[in-house]
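Below is one structure, written out as C-alpha cells, with a few remarks after it.
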Amino acid sequence: MIIVAGHIIVGPEQRESYLGSCASVVEQARRAPGCLDFAIGADLVDAGRVNVFERWESAEAVETFRGAGPSDEQSAGMLAASVAEYDVADVRVLI
C-alpha cells in the first residue's frame, strides 16, 4: 500500500477557492482504479494550510492517476508544499 500525505500552503484568503478547485480531483481520484482513500481538506487551526491524505493499492495506481501532477491552476495557488509518498509494509487496524 502507498500513502501520500502532507500539506500545501496557500494564502488564507484563497484557501476556500483552492479547495473548491480540488473537488473534481477528489471525485476523480476516488473513482480511480487502486484508490483506497483520497482527501484534501482545510486545516482546523492554520487558515493557509490544506491537508492532503491519499491511500493507494500500489505505486502503479498512484502513477497512473497522478500523471503530470497538479494542474497549472492548482500549482499557481501554492505558496509552499510538503507532501511525501510512503510505501507501507504492514497495517494494524485500530477501529
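Taking the C-alpha atoms only, the angle from helix 15-31 to the longest principal axis of the chain is near 20 degrees.
Above 21 Å, the calculated P(r) of the chain contains 33 percent of its Cα-Cα pairs.
Computed over neighbours whose Cβ is under 15 Å from that of A32, the net charge equals -2, Lys and Arg +1, Asp and Glu -1. When each of the peptides 84-92, 49-57 is scored by how many other beta carbons lie within 10 Å of its residues on average, the order from highest to lowest is 49-57, 84-92.
None of the figures in this text is laboratory data; all of them are computed from the coordinates on show. What you are looking at is a predicted structure, and each value in this text was computed from that prediction instead of being measured. All Cβ positions, glycine included, derive from the backbone under ideal geometry; neighbour counts span all protein chains shown.
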